[in-house]
């Protein structure tokens, strides 16, 4: 559900930016009310198809070495913080876009 909220926020941001003349969903034969209803349904469908699946990113290792002279060195290795990411976020966005297009919406430049 958290990722569904992320998608809602993302799409909301897109809609906000679109109102300023950027990109956005359009369908001249449908109302704003229809847009918000269909957007919500497409978000929910995409979230059901591709639920959040957080995985750990590969850790980053930092290696620091000091030259001790005579061809030897002293090295220490530290692991940076391991972060997580949702491996389904792109699939959800694709499913959302496909759903909107199937309902007659087009992603294009606002005029």
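The values are calculated or read from the model by the stated rules, or taken from the named source; none is laboratory data. Since the model is a prediction, treat every value here as computed from it, not as a measurement. Neighbour counts run over all protein chains shown; Cβ positions are idealised from the backbone, glycine included.
The set of residues from region 78-103 being loosely packed, with under 14 Cβ neighbours inside 10 Å and more than 20 Å from the chain's Cα centre (by Cα) comprises 78, 79, 80, 81, 102. Considering every residue within region 58-68, establish whether at least one is in contact with a strand residue (DSSP E or B) (Cβ under 6 Å, 6 or more places away or on another chain), at pLDDT 95 or above and either exposed (fewer than 13 other Cβ atoms within 10 Å of the Cβ) or within 30 Å of residue 23 (Cβ to Cβ) (or both). Looking through region 58-68, none of the residues is in contact with a strand residue (DSSP E or B) (Cβ under 6 Å, 6 or more places away or on another chain), at pLDDT 95 or above and either exposed (fewer than 13 other Cβ atoms within 10 Å of the Cβ) or within 30 Å of residue 23 (Cβ to Cβ) (or both).
Listed by first and then second residue, the pairs with beta-carbon distance under 6 Å, at least 6 apart or on different chains, first residue in region 29-55 and at pLDDT below 95, second surrounded by fewer than 13 Cβ atoms within 10 Å (Cβ to Cβ) and assigned to a loop (DSSP other than H, G, I, E, B), are 53/87; 55/87. Kindly establish whether residue 109 is modelled with pLDDT of 90 or more and within 30 Å of residue 39 (Cα to Cα). In short, no. Per this entry, residue 82 is counted among residues that are over 22 Å from residue 47 (Cα atoms) and in contact (Cβ under 8 Å) with a residue 24 or more places away in the chain. Evaluate region 39-57: report whether one residue or more is over 19 Å from the mean Cα position of the chain (by Cα), farther than 24 Å from residue 103 by Cα and assigned to a strand (DSSP E or B). Scanning region 39-57 turns up no residue that is over 19 Å from the mean Cα position of the chain (by Cα), farther than 24 Å from residue 103 by Cα and assigned to a strand (DSSP E or B).
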